[in-house]
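Please read the structure below before turning to the comments.
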Amino acid sequence: MPGTRDLLGVLGCGALLLLHPSLAAAQEPQGGAPPPAEEVAPADEPAPQRVVTYFPDGDIYPAYVANPHRTGNGAMVHFYSRTQIAFSSGTRTSVKAGGHFAVVRWDAPAPGDRSWQISIDAGLDAMFDSQHKLDGIGWDGNYGFFATTASSASRFAFKLGLLHCSAHVGDEYAERTGRTRIAYSREEVAVGARYRLASQWSAYGEVGVAYRQLTEEQGRVRVEGGAEWESIRTFLLGRFVWYAALDLALWEERDWRPDVTLQGGLATKGRGPTWRFGVEYANGRPPLGEFFVDTEARFTLGMWVDF
(Lines give C-alpha, C1' and ligand atoms only; values in the text may rest on other atoms or scores of the structure.)
Protein backbone atom coordinates (compact mmCIF):
# COMPACT_ATOMS: atom_id res chain seq x y z
CA MET A 1 0.00 0.00 0.00
CA PRO A 2 1.24 3.43 -0.70
CA GLY A 3 2.73 5.33 2.14
CA THR A 4 1.65 8.59 3.57
CA ARG A 5 4.36 10.50 1.62
CA ASP A 6 3.17 9.05 -1.71
CA LEU A 7 -0.42 9.99 -0.99
CA LEU A 8 0.54 13.55 -0.07
CA GLY A 9 2.56 13.86 -3.29
CA VAL A 10 -0.37 12.85 -5.51
CA LEU A 11 -2.71 15.29 -3.73
CA GLY A 12 -0.17 18.12 -4.11
CA CYS A 13 0.21 17.57 -7.86
CA GLY A 14 -3.57 17.59 -8.33
CA ALA A 15 -3.93 20.84 -6.43
CA LEU A 16 -1.18 22.43 -8.51
CA LEU A 17 -2.89 21.48 -11.76
CA LEU A 18 -6.21 22.90 -10.54
CA LEU A 19 -4.58 26.19 -9.60
CA HIS A 20 -2.66 26.48 -12.94
CA PRO A 21 -4.77 25.27 -15.91
CA SER A 22 -2.10 26.46 -18.33
CA LEU A 23 0.22 23.85 -16.97
CA ALA A 24 -2.43 21.23 -17.59
CA ALA A 25 -2.77 22.35 -21.19
CA ALA A 26 0.96 22.10 -21.62
CA GLN A 27 0.75 18.50 -20.51
CA GLU A 28 -1.78 17.48 -23.20
CA PRO A 29 -0.44 14.67 -25.31
CA GLN A 30 0.79 15.34 -28.87
CA GLY A 31 -1.81 14.72 -31.50
CA GLY A 32 -4.48 16.97 -30.11
CA ALA A 33 -6.16 19.63 -32.28
CA PRO A 34 -3.51 22.22 -33.25
CA PRO A 35 -4.09 25.88 -32.42
CA PRO A 36 -5.69 27.91 -35.21
CA ALA A 37 -3.14 29.32 -37.63
CA GLU A 38 -2.81 33.09 -37.89
CA GLU A 39 -4.30 34.59 -41.10
CA VAL A 40 -1.65 35.95 -43.48
CA ALA A 41 -2.61 38.86 -45.74
CA PRO A 42 -2.13 38.02 -49.44
CA ALA A 43 0.81 39.74 -51.09
CA ASP A 44 -0.09 42.70 -53.33
CA GLU A 45 -0.10 41.81 -57.03
CA PRO A 46 2.43 43.78 -59.06
CA ALA A 47 0.97 46.65 -61.03
CA PRO A 48 0.81 46.04 -64.81
CA GLN A 49 3.75 47.55 -66.65
CA ARG A 50 3.68 49.50 -69.92
CA VAL A 51 4.85 47.56 -72.95
CA VAL A 52 7.70 49.38 -74.69
CA THR A 53 8.09 48.76 -78.44
CA TYR A 54 10.95 50.20 -80.45
CA PHE A 55 10.27 51.11 -84.10
CA PRO A 56 6.63 49.94 -84.06
CA ASP A 57 4.36 49.90 -87.09
CA GLY A 58 2.14 52.89 -87.78
CA ASP A 59 1.13 55.60 -85.34
CA ILE A 60 -1.55 55.99 -82.71
CA TYR A 61 -2.23 59.41 -84.32
CA PRO A 62 -2.45 58.80 -88.09
CA ALA A 63 -1.32 61.44 -90.59
CA TYR A 64 -3.95 63.57 -92.32
CA VAL A 65 -4.69 61.74 -95.57
CA ALA A 66 -5.61 64.76 -97.72
CA ASN A 67 -2.97 67.17 -96.39
CA PRO A 68 -0.89 68.03 -99.50
CA HIS A 69 2.10 69.04 -97.35
CA ARG A 70 2.45 65.88 -95.27
CA THR A 71 5.49 63.67 -95.66
CA GLY A 72 5.19 60.33 -97.41
CA ASN A 73 5.93 58.44 -100.60
CA GLY A 74 4.02 58.81 -103.82
CA ALA A 75 3.85 59.54 -107.53
CA MET A 76 1.23 61.88 -108.98
CA VAL A 77 0.11 63.39 -112.29
CA HIS A 78 -1.59 66.80 -112.07
CA PHE A 79 -4.00 68.38 -114.55
CA TYR A 80 -4.51 72.08 -113.85
CA SER A 81 -7.64 74.10 -114.55
CA ARG A 82 -6.00 77.19 -113.05
CA THR A 83 -2.29 77.99 -112.95
CA GLN A 84 -0.41 80.89 -111.37
CA ILE A 85 3.18 79.67 -111.18
CA ALA A 86 4.76 81.77 -113.91
CA PHE A 87 5.95 80.02 -117.10
CA SER A 88 4.58 76.64 -116.02
CA SER A 89 2.24 74.39 -117.98
CA GLY A 90 -1.08 72.82 -117.07
CA THR A 91 0.26 69.26 -116.84
CA ARG A 92 2.83 68.40 -114.18
CA THR A 93 4.15 65.43 -112.22
CA SER A 94 5.16 65.18 -108.59
CA VAL A 95 7.01 62.70 -106.44
CA LYS A 96 7.19 62.33 -102.68
CA ALA A 97 9.87 60.43 -100.79
CA GLY A 98 10.18 59.85 -97.07
CA GLY A 99 7.55 59.31 -94.46
CA HIS A 100 6.45 59.25 -90.84
CA PHE A 101 8.62 56.90 -88.81
CA ALA A 102 7.74 55.62 -85.34
CA VAL A 103 10.69 55.47 -82.92
CA VAL A 104 9.26 54.18 -79.63
CA ARG A 105 5.79 53.44 -78.24
CA TRP A 106 4.62 52.93 -74.65
CA ASP A 107 1.44 50.87 -74.92
CA ALA A 108 -1.23 51.16 -72.25
CA PRO A 109 -0.83 48.58 -69.42
CA ALA A 110 -4.61 48.22 -69.01
CA PRO A 111 -7.67 48.92 -71.17
CA GLY A 112 -8.57 52.59 -71.02
CA ASP A 113 -5.07 53.83 -70.18
CA ARG A 114 -3.24 56.10 -72.59
CA SER A 115 -0.56 54.96 -75.01
CA TRP A 116 2.27 57.31 -75.99
CA GLN A 117 4.54 57.45 -79.01
CA ILE A 118 7.57 59.39 -80.27
CA SER A 119 7.95 59.72 -84.05
CA ILE A 120 9.92 61.66 -86.65
CA ASP A 121 9.04 63.00 -90.10
CA ALA A 122 11.48 63.24 -92.96
CA GLY A 123 10.46 63.84 -96.54
CA LEU A 124 11.08 65.49 -99.90
CA ASP A 125 8.38 66.86 -102.25
CA ALA A 126 9.36 67.72 -105.83
CA MET A 127 7.35 68.97 -108.81
CA PHE A 128 8.24 68.76 -112.52
CA ASP A 129 6.82 70.46 -115.61
CA SER A 130 5.70 67.76 -118.04
CA GLN A 131 5.53 70.10 -121.05
CA HIS A 132 8.93 71.70 -120.51
CA LYS A 133 11.26 68.68 -120.68
CA LEU A 134 10.26 67.75 -117.10
CA ASP A 135 12.07 70.77 -115.71
CA GLY A 136 12.15 70.73 -111.92
CA ILE A 137 9.94 73.60 -110.77
CA GLY A 138 10.90 73.26 -107.12
CA TRP A 139 11.23 71.02 -104.12
CA ASP A 140 10.61 71.19 -100.38
CA GLY A 141 12.36 69.42 -97.54
CA ASN A 142 10.05 68.67 -94.60
CA TYR A 143 11.16 67.41 -91.20
CA GLY A 144 9.41 66.96 -87.88
CA PHE A 145 9.53 65.53 -84.36
CA PHE A 146 6.28 64.43 -82.71
CA ALA A 147 4.82 63.14 -79.44
CA THR A 148 1.36 61.56 -79.74
CA THR A 149 -1.09 59.94 -77.33
CA ALA A 150 -4.37 58.01 -77.62
CA SER A 151 -6.63 55.80 -75.48
CA SER A 152 -9.25 53.17 -76.27
CA ALA A 153 -11.46 54.73 -73.58
CA SER A 154 -11.45 58.18 -75.21
CA ARG A 155 -12.52 59.39 -78.63
CA PHE A 156 -9.71 61.96 -78.57
CA ALA A 157 -6.07 61.57 -79.64
CA PHE A 158 -3.52 64.38 -79.35
CA LYS A 159 -0.31 65.48 -81.06
CA LEU A 160 2.49 67.90 -80.21
CA GLY A 161 5.16 68.50 -82.83
CA LEU A 162 8.08 70.59 -84.07
CA LEU A 163 8.09 71.05 -87.86
CA HIS A 164 10.60 72.44 -90.32
CA CYS A 165 10.11 73.26 -94.00
CA SER A 166 12.84 74.50 -96.35
CA ALA A 167 11.79 75.36 -99.94
CA HIS A 168 13.87 75.60 -103.10
CA VAL A 169 13.47 76.56 -106.77
CA GLY A 170 14.43 73.97 -109.37
CA ASP A 171 17.66 74.66 -111.25
CA GLU A 172 16.12 74.12 -114.72
CA TYR A 173 13.13 76.32 -113.91
CA ALA A 174 15.37 79.09 -112.52
CA GLU A 175 17.64 78.95 -115.58
CA ARG A 176 14.72 79.06 -118.03
CA THR A 177 12.70 81.79 -116.29
CA GLY A 178 15.26 83.77 -114.26
CA ARG A 179 13.24 83.12 -111.08
CA THR A 180 15.46 83.38 -107.99
CA ARG A 181 14.87 81.79 -104.62
CA ILE A 182 13.16 83.85 -101.91
CA ALA A 183 14.56 81.48 -99.24
CA TYR A 184 11.19 80.34 -97.89
CA SER A 185 11.78 78.55 -94.60
CA ARG A 186 9.45 77.86 -91.71
CA GLU A 187 9.93 76.30 -88.27
CA GLU A 188 6.89 75.94 -86.06
CA VAL A 189 5.27 74.35 -83.03
CA ALA A 190 2.08 72.45 -83.88
CA VAL A 191 -0.70 71.15 -81.63
CA GLY A 192 -3.34 68.81 -83.04
CA ALA A 193 -6.33 66.74 -81.93
CA ARG A 194 -8.25 63.89 -83.59
CA TYR A 195 -11.80 62.86 -82.70
CA ARG A 196 -13.51 59.57 -83.59
CA LEU A 197 -17.00 60.54 -84.70
CA ALA A 198 -17.94 56.88 -85.32
CA SER A 199 -16.28 53.60 -86.23
CA GLN A 200 -15.71 54.78 -89.81
CA TRP A 201 -15.49 58.56 -89.38
CA SER A 202 -12.97 60.89 -87.76
CA ALA A 203 -12.30 64.62 -87.65
CA TYR A 204 -9.23 66.64 -86.75
CA GLY A 205 -7.95 70.11 -86.08
CA GLU A 206 -4.47 71.60 -85.77
CA VAL A 207 -2.81 74.94 -85.10
CA GLY A 208 0.78 75.76 -86.04
CA VAL A 209 2.70 78.82 -84.86
CA ALA A 210 6.03 79.65 -86.50
CA TYR A 211 8.94 80.66 -84.29
CA ARG A 212 11.47 81.12 -87.11
CA GLN A 213 11.05 82.46 -90.66
CA LEU A 214 13.39 83.97 -93.24
CA THR A 215 11.14 86.29 -95.24
CA GLU A 216 9.02 89.25 -94.18
CA GLU A 217 6.11 88.12 -96.38
CA GLN A 218 5.52 85.02 -94.30
CA GLY A 219 2.93 84.84 -91.53
CA ARG A 220 3.26 83.09 -88.20
CA VAL A 221 -0.04 81.21 -87.82
CA ARG A 222 -1.70 78.44 -89.79
CA VAL A 223 -4.93 76.59 -88.99
CA GLU A 224 -5.90 73.20 -90.39
CA GLY A 225 -8.94 70.94 -90.08
CA GLY A 226 -10.64 68.10 -91.88
CA ALA A 227 -12.62 64.88 -91.87
CA GLU A 228 -11.93 61.30 -93.03
CA TRP A 229 -14.03 58.21 -93.79
CA GLU A 230 -13.14 54.57 -94.36
CA SER A 231 -15.42 51.72 -95.36
CA ILE A 232 -15.33 48.29 -93.80
CA ARG A 233 -12.79 45.93 -95.33
CA THR A 234 -13.90 44.73 -98.72
CA PHE A 235 -12.82 42.50 -101.61
CA LEU A 236 -9.63 40.44 -102.02
CA LEU A 237 -9.85 38.68 -98.65
CA GLY A 238 -10.79 41.88 -96.88
CA ARG A 239 -7.47 43.59 -97.58
CA PHE A 240 -8.86 46.85 -99.04
CA VAL A 241 -11.09 49.74 -97.96
CA TRP A 242 -12.69 52.62 -99.78
CA TYR A 243 -11.76 55.98 -98.31
CA ALA A 244 -12.50 59.70 -98.64
CA ALA A 245 -10.80 62.68 -97.00
CA LEU A 246 -11.21 66.45 -96.81
CA ASP A 247 -8.50 68.89 -95.69
CA LEU A 248 -9.02 72.61 -95.14
CA ALA A 249 -6.06 74.94 -94.40
CA LEU A 250 -5.87 78.66 -93.65
CA TRP A 251 -2.56 80.54 -93.51
CA GLU A 252 -1.92 84.00 -92.13
CA GLU A 253 0.65 84.49 -94.93
CA ARG A 254 -2.16 83.91 -97.48
CA ASP A 255 -4.55 86.36 -95.78
CA TRP A 256 -6.60 83.41 -94.43
CA ARG A 257 -7.81 82.28 -97.85
CA PRO A 258 -9.16 78.67 -97.49
CA ASP A 259 -7.08 76.01 -99.27
CA VAL A 260 -9.26 72.97 -99.97
CA THR A 261 -8.13 69.43 -100.83
CA LEU A 262 -10.39 66.40 -101.46
CA GLN A 263 -9.03 62.88 -101.94
CA GLY A 264 -10.68 59.49 -102.37
CA GLY A 265 -9.98 56.01 -103.62
CA LEU A 266 -8.92 52.55 -102.53
CA ALA A 267 -6.44 51.73 -99.74
CA THR A 268 -4.83 48.55 -98.45
CA LYS A 269 -5.31 47.46 -94.84
CA GLY A 270 -3.16 45.14 -92.77
CA ARG A 271 0.37 44.93 -91.48
CA GLY A 272 3.05 47.08 -93.10
CA PRO A 273 2.64 50.21 -95.22
CA THR A 274 -0.73 51.50 -96.43
CA TRP A 275 -0.98 51.85 -100.20
CA ARG A 276 -3.51 54.35 -101.54
CA PHE A 277 -4.70 54.58 -105.14
CA GLY A 278 -6.95 57.56 -105.73
CA VAL A 279 -7.96 60.85 -107.24
CA GLU A 280 -7.58 64.29 -105.71
CA TYR A 281 -8.94 67.78 -106.24
CA ALA A 282 -7.15 70.79 -104.78
CA ASN A 283 -7.82 74.51 -104.93
CA GLY A 284 -5.34 76.70 -103.10
CA ARG A 285 -1.65 77.00 -102.34
CA PRO A 286 0.76 74.85 -104.37
CA PRO A 287 2.63 72.20 -102.34
CA LEU A 288 5.86 74.20 -102.84
CA GLY A 289 6.82 76.83 -100.27
CA GLU A 290 8.60 79.09 -102.77
CA PHE A 291 5.25 79.71 -104.49
CA PHE A 292 3.08 80.16 -101.39
CA VAL A 293 1.47 83.37 -102.71
CA ASP A 294 0.08 81.60 -105.79
CA THR A 295 -3.33 79.93 -105.96
CA GLU A 296 -3.97 77.03 -108.34
CA ALA A 297 -6.69 74.44 -109.02
CA ARG A 298 -5.95 70.89 -110.17
CA PHE A 299 -7.14 67.31 -110.51
CA THR A 300 -4.66 64.59 -109.63
CA LEU A 301 -4.25 60.87 -110.27
CA GLY A 302 -1.93 59.41 -107.70
CA MET A 303 -0.48 56.61 -105.66
CA TRP A 304 0.59 57.21 -102.07
CA VAL A 305 2.41 54.94 -99.61
CA ASP A 306 2.17 55.61 -95.86
CA PHE A 307 4.56 54.01 -93.38
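Taking region 67-94 as the range and being assigned to a strand (DSSP E or B), among the β-branched types (V, I, T) and either touching a Phe, Trp or Tyr at 6+ places or on another chain (Cβ under 8 Å) or open to solvent by less than 30 Å² (accessible area, probe 1.4 Å) (or both) as the test, the residues that pass are T91, T93. Quick one: is E172 assigned to a helix (DSSP H, G or I), over 24 Å from F277 (Cβ atoms), open to solvent by 50 Å² or more (accessible area, probe 1.4 Å) and touching a residue at least 12 places away in the same chain (Cβ under 8 Å)? So E172 fits the description; yes.
Only one entry in W106, W139 is open to solvent by 30 Å² or more (accessible area, probe 1.4 Å), assigned to a strand (DSSP E or B), in contact with a His (Cβ under 8 Å, 6 or more places away or on another chain) and in contact (Cβ under 8 Å) with a residue 12 or more places away in the chain, namely W139. For region 231-273, the set of residues classified as under 27 Å from G289 (Cβ atoms) and of a type in the set (K, R) consists of R254, R257, listed by residue number.
Inspect region 213-232 for any residue being out of contact with any strand residue (DSSP E or B) (no Cβ under 6 Å at 6 or more places or on another chain) and charged (D, E, K, R) and give the result as yes or no. Yes, region 213-232 contains at least one residue that is out of contact with any strand residue (DSSP E or B) (no Cβ under 6 Å at 6 or more places or on another chain) and charged (D, E, K, R).
On inspection, V223 passes the criterion of being of a type in the set (V, I, T) and within 22 Å of the chain's Cα centre (by Cα). Can you pull out the residues in region 52-71 that are more than 14 Å from the chain's Cα centre (by Cα) and either aromatic (F, W, Y) or within 18 Å of G123 (Cα to Cα) (or both)? Those that are more than 14 Å from the chain's Cα centre (by Cα) and either aromatic (F, W, Y) or within 18 Å of G123 (Cα to Cα) (or both): Y54, A66, N67, P68, H69. Annotation: of all residues in region 241-251 being within 19 Å of W304 (Cα to Cα) and open to solvent by 50 Å² or more (accessible area, probe 1.4 Å), the one that is modelled with the lowest pLDDT is W242. Which is closer than 17 Å to Y64 by Cα, out of contact with any Asp or Glu (no Cβ under 9 Å at 6 or more places or on another chain), open to solvent by less than 60 Å² (accessible area, probe 1.4 Å) and of a type outside the set (S, T, Y), of G238, G270, G278, G264? On inspection, the qualifying residue turns out to be G278. Inclusion of R186 among residues that are touching a Gly at 6+ places or on another chain (Cβ under 6 Å), at pLDDT 95 or above and basic (K, R) is not warranted. All conditions but one from (1) open to solvent by 70 Å² or more (accessible area, probe 1.4 Å); (2) closer than 23 Å to A249 by Cα; (3) not charged (D, E, K, R) apply to S185; the one that does not is (1).
Picking from D125, D107, which residue would you name as being of a type in the set (D, E, K, R) and at pLDDT 95 or above?
D125
Just one of the numbered conditions (1) open to solvent by 20 Å² or more (accessible area, probe 1.4 Å); (2) over 26 Å from D57 (Cβ atoms) is not true of W229: (2).
Quick check, is R257 open to solvent by 70 Å² or more (accessible area, probe 1.4 Å) and either at pLDDT 95 or above or hydroxyl-bearing (S, T, Y) (or both)? Against the criterion (open to solvent by 70 Å² or more (accessible area, probe 1.4 Å) and either at pLDDT 95 or above or hydroxyl-bearing (S, T, Y) (or both)), R257 qualifies. Here region 143-178 is the region considered, the condition is being at pLDDT 95 or above and of a type in the set (V, I, T), and the residue that is farthest from D59 (Cα to Cα) is V169.
How many residues are over 17 Å from R70 (Cα atoms) and either of a type in the set (S, T, N, Q) or assigned to a strand (DSSP E or B) (or both) when one looks only at region 142-157? Working first, answer last.
Narrowing region 142-157 to residues over 17 Å from R70 (Cα atoms): 149-157.
Cutting the leftovers down to either of a type in the set (S, T, N, Q) or assigned to a strand (DSSP E or B) (or both) gives us 149-152, 154, 156-157.
Number satisfying all stated conditions: 7.
The values are calculated or read from the model by the stated rules, or taken from the named source; none is laboratory data. Quick caveat: nothing in here was measured; it's all calculated off a predicted structure. With ideal geometry, Cβ positions are generated from the backbone for all residues, glycine too; neighbour counts draw on all protein chains shown. Side chains are part of the model used for accessible areas, which takes the heavy atoms of the whole protein and leaves out ligands, DNA and RNA. Shrake-Rupley method; radii C 1.70, N 1.55, O 1.52, S 1.80 Å.
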